[in-house]
Amino acid sequence: MFSAPKYRELDHNPHITAFFFLFFGMMLADVGYGILLSLFTGIYLIKVRPPRGRGNMIKLLCMGGISTIIWGFLFGSYFGMSAGDLGIWYWFNPIADPITMLFLSLGAGLVQLLYGYFVNMVSLFMQKKPLEAIFGNTCWYFLVLGVAAAFFGSSLASWLPYVGYAFLGIGLLFLVLSGVVGNKGIKRLGSGLGKLYGIVNFFSDLMSYTRIFGLGLASAVIGMVFNQIGIVIKDMIPSAPALGWIIACVIFIIGHTFNLGINTLGSYVHDSRLQFVEFFGKFYEGGGRLFAPLGSEMKYYYVGIAGQAAAGVTSEDPGKFGKLVLLQLLPGTQGIYGLIIAFLTLLWTGFLGGEPVQMTALQGWSIVAACAPMGIVGLVSGIYQGKCAVSAIAMVGKRPETSGKGLALTVMVETYALLALLISFLALMFITQSITG
């Protein structure tokens, strides 16, 4: 899925394994889905026994199913049913407590980003670049600790904020020095000050981990909605309860099969994006070449939109399907963010599972305004991300080893959709809280 490492570069596989396992489960997070995913993929591996080097995707999904079971137990989700309703212990429910889920997602992302800087520091030391290793990586540890101590340390000790200010100063100094090292003359000043812009990039990378929050909520919400649809239809046929239950079971099976399929694919795509873009961007360069003395390069046909372009390339070389499916699916992910905002709007205003909240016209328009950023930005970013995906597919068709770079270029457009999701979420939360008191 990504270009091979250079000859003297660290192998990236050991560094993403635990994080991929962790994030996949957080995004799908349902005990029932995890059992089905591990069961079916496990049976396939036992029965088919694919040869070495094949069936890696099935093995990955099997391990992802185990992670899904663990996080589903912690979040209390069993085929969309809450553990609280079933009398089973759980840590917290992301639907009932979305703020905790948001902070958990950002916390997990912060840990991965800081680990990425640690790997980069080790790599630079191996390349005998100690100053770049120290200044360019430890600065982020000082900055993160400084922000934490400066803004939250007063609750623990009165002197901690002053320690935080000192750490912030050291972090900013090291960040500037990381741009000075290796440059001469006036370039030192420009490069050093330019490194300060890296703070914006760091914040943008951190915000990208809200997709864990988004996918986790989407999976739980869709499962719960299908359950409620089945129950409503059953209650509409009181004269024939058996028929009602049969229809409800059909809806349950079809709905959860769809939810499992679409969110398994979504978890894989977005988990891969976090590894290839946010994490690899901290330490990995790639660009190496695999040893393939008898390898060949095939031509391809470039076709219109992302799906057609991917189909054109795959028809010439089916082996590229795994690299192309990510690029094809990315433009549609904004729909998941829109689903989350729509669900939260219905939930927090009482139209879903409660009594509708009484509000004035001004308050109603305020809720519309809160949802507008996600709707408008999601639509525009989806269109332009589709155009970027087509270009990236064409690039992969010519040079498959550039799939990681093509993916990175395509997902950058989605940054604005993530920021819109965060803005709409926060605005909607505060507005509904002010309305409901």
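The values are calculated or read from the model by the stated rules, or taken from the named source; none is laboratory data. A quick note: this is a predicted structure, and the numbers were derived from the prediction, not measured. Virtual Cβ from ideal backbone geometry, glycine too; neighbours counted across all protein chains shown.
Scanning for something surrounded by fewer than 17 Cβ atoms within 10 Å (Cβ to Cβ), within 19 Å of Phe202 (Cβ to Cβ) and out of contact with any His (no Cβ under 7 Å at 6 or more places or on another chain), does region 151-160 turn up at least one residue? Yes, region 151-160 has at least one match. Please list, ordered by first then second residue, the pairs with beta carbon atoms under 9 Å, 6 or more apart or interchain, first in region 36-54 and more than 20 Å from Ile66 (Cα to Cα) and modelled with pLDDT of 85 or more, second not in a helix (DSSP H, G or I) and not basic (Lys, Arg). Once the first residue is more than 20 Å from Ile66 (Cα to Cα) and modelled with pLDDT of 85 or more and sits in region 36-54, its partners that are not in a helix (DSSP H, G or I) and not basic (Lys, Arg) give Val48/Gly55.
Listed here are the residues, each with its yes/no results for (1) free of Cβ contacts under 8 Å to residues at least 12 places away in the same chain; (2) polar (S, T, N, Q).
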residue: Gln358; (1), (2): yes, yes
residue: Ala389; (1), (2): no, no
residue: Met395; (1), (2): yes, no
residue: Lys398; (1), (2): no, no
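Yes/no per residue for (1) modelled with pLDDT under 90; (2) of a type in the set (Lys, Arg); (3) out of contact with any Ser or Thr (no Cβ under 6 Å at 6 or more places or on another chain):
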| residue | (1), (2), (3) |
| --- | --- |
| Lys128 | yes, yes, yes |
| Thr138 | no, no, yes |
| Val163 | no, no, yes |
| Lys184 | yes, yes, yes |
| Gly194 | yes, no, yes |
| Ser208 | yes, no, yes |
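None of Gly397, Gly382, Gly350, Gly364 is out of contact with any Cys (no Cβ under 8 Å at 6 or more places or on another chain) and closer than 18 Å to Leu215 by Cα except Gly382.
Answer with yes or no whether Asp30 is touching a residue at least 12 places away in the same chain (Cβ under 8 Å) and under 17 Å from Ala218 (Cα atoms).
Values: touching a residue at least 12 places away in the same chain (Cβ under 8 Å): yes; under 17 Å from Ala218 (Cα atoms): yes.
Yes; evaluated as a whole, the condition is true for this residue.
From Phe203, Phe213, grab the single residue that is among the aromatic types (Phe, Trp, Tyr), surrounded by fewer than 21 Cβ atoms within 10 Å (Cβ to Cβ) and either part of a helix (DSSP H, G or I) or modelled with pLDDT of 90 or more (or both). Please lay out each step first, then the result.
Values: Phe213 fails: surrounded by fewer than 21 Cβ atoms within 10 Å (Cβ to Cβ).
So the residue among Phe203, Phe213 that is among the aromatic types (Phe, Trp, Tyr), surrounded by fewer than 21 Cβ atoms within 10 Å (Cβ to Cβ) and either part of a helix (DSSP H, G or I) or modelled with pLDDT of 90 or more (or both) is Phe203.
Take Met26 and tell me if it is touching a Ser or Thr at 6+ places or on another chain (Cβ under 8 Å), at pLDDT below 90 and within 24 Å of Leu113 (Cβ to Cβ).
Details: touching a Ser or Thr at 6+ places or on another chain (Cβ under 8 Å): yes; at pLDDT below 90: no; within 24 Å of Leu113 (Cβ to Cβ): yes.
No: the conditions fail for Met26.
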